[in-house]
Amino acid sequence: QQQVKQSPQSLIVQKGGIPIINCAYENTAFDYFPWYQQFPGKGPALLIAIRPDVSEKKEGRFTISFNKSAKQFSLHIMDSQPGDSATYFCAASSTGANNLFFGTGTRLTVIP
Amino acid sequence: KAGVTQTPRYLIKTRGQQVTLSCSPISGHRSVSWYQQTPGQGLQFLFEYFSETQRNKGNFPGRFSGRQFSNSRSEMNVSTLELGDSALYLCASSLGQTLGTEAFFGQGTRLTVV
């Protein structure tokens, strides 16, 4: 059973657009929600992470929105650039477990 | 500060053989986790080590094992390789004292079983 559900599977936007990637979870014990960016041939790189005590976190052009009651969180990429073309993974974990449950990934393509 | 180093980057093995992969975490990080990445199953947790002790294990058969040394370097071993073990094996390191500390991944070892 997939602990974290991610959508869409793929996404194409024009340069300057705002792609949005959504994730949902069921396990209410999850209390840490990171997003990773992965380029071909590379390992995932941590982009930004959020805890349930805040509803939004922004770092540069990347914003996480978190809805605790709906058990959903999303990544917004402002002013997207061709260099943002990559696969994005959401993940979740809970205190004490120290292992990440990953979503299935979203392949983002930003067209110049 | 050097990142997470995984060796080798690529491996080709034959069914039935065994393989050992190595991971050197970021200096000062005491937790090392291993993940398997495949197109079909995505990123799946294998196990996590902290201070030479396995703290957590994913749902993989006993053919998959690991260990951590006193300098925090870690190895994972897969015995009796199967074709389905072909995957990118990723190692992640973190400070590890509490959950939610940032996990940093290496570039992975691409294992191909023929």
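Here are the numbers:
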quantity: Longest to shortest principal axis, alpha-carbon extents of the range A:30-112, angstrom; calculated: 40, 25, 19
quantity: Under Karplus coefficients 6.51, -1.76 and 1.60, residue-wise ³J(HN,Hα) of the range A:80-93 in Hz, glycine/proline x; calculated: 4, 10, x, x, 7, 4, 5, 9, 10, 10, 8, 8, 8, 8
quantity: Built amide H within the under 5 Å cut-off of A:TYR32, gap 5+; calculated: A:SER93
quantity: Debye intensity ratio in log₁₀ form over the Cα atoms of chain B, taken at each q of 0.12, 0.17, 0.19 Å⁻¹; calculated: -0.37, -0.75, -0.93
quantity: For chain A: relative contact order, % (alpha-carbon pairs under 8 angstrom, 6 or more apart); calculated: 37
quantity: Partner chain coverage, peptide A:33-46 - average Cβ within 10 angstrom; calculated: 4
quantity: Accessible area buried between chains A and B, both sides summed, probe 1.4 Å, in Å² to nearest 100; calculated: 1600
quantity: Probe 1.4 Å, protein heavy atoms only - accessible area per residue of chain B in square angstrom; calculated: 47
quantity: At 0.692 mPa s and 37 °C, Stokes D of the protein assembly as shown from Kirkwood alpha-carbon radius, µm² per second; calculated: 182
quantity: Relative contact order (%) - chain B, alpha-carbon pairs under 8 angstrom, separation at least six; calculated: 36
quantity: Local electrostatic count, A:PHE89, Cβ distance below 15 Å [Lys/Arg +1, Asp/Glu -1]; calculated: +1
quantity: Inter-chain Cβ neighbour average for residues A:91-103, partner chain, 10 Å; calculated: 5
quantity: Unit charges at the beta carbon, dipole of chain A: most positive-side option, A:TRP35, A:TYR88, A:VAL4; calculated: A:TYR88
quantity: Candidate lysines for bridging to A:LYS5, where Cα separation is under 19 Å - those fewer than 8 sequence places away on the same chain excluded; calculated: A:LYS68, A:LYS71
quantity: Share of carbon and sulfur in the accessible heavy-atom surface of chain B [1.4 Å probe, %]; calculated: 48
quantity: Per residue, in Å², the accessible surface of chain A once ligands and nucleic acids are set aside, probe 1.4 Å; calculated: 49
quantity: Counted charge near B:TYR10, where neighbours are those whose Cβ lies closer than 15 Å (Asp, Glu -1; Lys, Arg +1); calculated: +3
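The values are calculated or read from the model by the stated rules, or taken from the named source; none is laboratory data. Only a predicted model underlies this, so the values are computations on that prediction, with no experimental measurement involved. Please note: Cβ atoms are built from the backbone with ideal geometry, for glycine as well, and neighbour counts cover all protein chains shown. Side chains are part of the model used for accessible areas, which takes the heavy atoms of the whole protein and leaves out ligands, DNA and RNA. Shrake-Rupley method; radii C 1.70, N 1.55, O 1.52, S 1.80 Å.
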